[in-house]
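Reviewing the structure listed below.
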Amino acid sequence: MPDGPDEGSAAGTQAHADPESAARAICLRLLTMAPKTRAQLAEALRKRDVPEEAAEAVLSRFSELGLINDEAFAEAWVDSRHHGRGLAKRALAAELRHRGVDSDTVNEAVERLDPDQEAETARRLVERKLASTRSLDPQVRTRRLAGMLARKGYPSGLAFRVIREALEQEGIEMEEDFPDS
């Protein structure tokens, strides 16, 4: 799907005559598909050869109107991806940075996640995966579960603590050969 005005559309024919109209059309189309950060919209405008002054004028106006709000985007992203995919602060921060959200906004958004909430999400992830590993050696299970949590951005200390708790609930005593906290 193109990220700007269709050739022959009003916005497409005005692209050369009025770069701000073209920029508005591109941004509106992108924003109707899904929320976007200011950086994502700026990149789309750059790819469509919208002059920098026109792009900046439209992005500033859209920010004033609240159509672009990186803080709200970051908060919604953290809530959605933590609850939906079980991602931890580190993975969420990386995703937001990749989308062009500035560091202060990223930090504010991920710090809203309570450490207890993050630990509880890790427990739920381990619980879901535990049954499919029952036939395996405890060390193999631990490695697989730790790998799954690491890919979702959980620190190793938290991951191993949660895994140890889950395996001990099954009656499996773990050796203390992996990091704690």
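Below, the figures for the structure above:
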{"read-out": "Whole-Hz ³J(HN,Hα) from phi, Karplus 6.51 cos²θ - 1.76 cosθ + 1.60, for region 120-134, glycine and proline x", "value": "5, 5, 4, 4, 5, 4, 5, 4, 5, 8, 4, 4, 6, 10, 4"}
{"read-out": "Phi to ³J(HN,Hα) by Karplus 6.51 cos²θ - 1.76 cosθ + 1.60 over region 69-78, Hz, x for Gly, Pro", "value": "8, 4, 5, 5, 4, 4, 4, 5, 4, 4"}
{"read-out": "Amide H partners (placed H, <5 Å) of Tyr154, local residues excluded", "value": "Ala88"}
{"read-out": "Proportion of all alpha-carbon pairs of region 50-131 beyond 22 Å (%)", "value": "38"}
{"read-out": "R0 of 30 Å, Cβ-Cβ distance Lys47-Glu111: FRET efficiency to nearest 0.05", "value": "0.35"}
{"read-out": "For the chain, alpha-carbon Rg relative to the globular expectation (2.2 N^0.38 Å, N residues)", "value": "1.42"}
{"read-out": "Directionally averaged shadow of region 44-84, computed from the convex hull of its alpha-carbon atoms, nm²", "value": "3.6"}
{"read-out": "Accessible area (Å², per residue) of the chain, counting only protein heavy atoms and a probe of 1.4 Å", "value": "57"}
{"read-out": "Derived scalar couplings ³J(HN,Hα) [region 45-61; Karplus, 6.51 cos²θ - 1.76 cosθ + 1.60; whole Hz; x for Gly, Pro]", "value": "5, 4, 5, 8, 6, 6, x, 4, 5, 5, 4, 5, 4, 5, 5, 5, 5"}
{"read-out": "Exposed trypsin sites (Lys or Arg not before Pro) absent - longest run of the chain, DSSP non-H/G/I/E/B, at most 14 other C-beta within 10 Å", "value": "1-111"}
{"read-out": "Within region 77-124, GluC sites (Glu not before Pro) in DSSP loop having at most 15 other beta-carbon neighbours inside 10 Å", "value": "none"}
{"read-out": "Accessible surface of region 88-181, 1.4 Å probe, proportion on carbon and sulfur as whole %", "value": "45"}
{"read-out": "With every protein chain in place, region 40-80: carbon and sulfur % of accessible area (1.4 Å)", "value": "46"}
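The values are calculated or read from the model by the stated rules, or taken from the named source; none is laboratory data. None of these values were measured; they are calculated from a predicted model. We place every Cβ from the backbone using ideal geometry, glycine too, and count neighbours over all the protein chains shown. When the accessible area is computed, the model is the full protein with side chains, heavy atoms only, and any ligands, DNA or RNA have been set aside. Shrake-Rupley method; radii C 1.70, N 1.55, O 1.52, S 1.80 Å.
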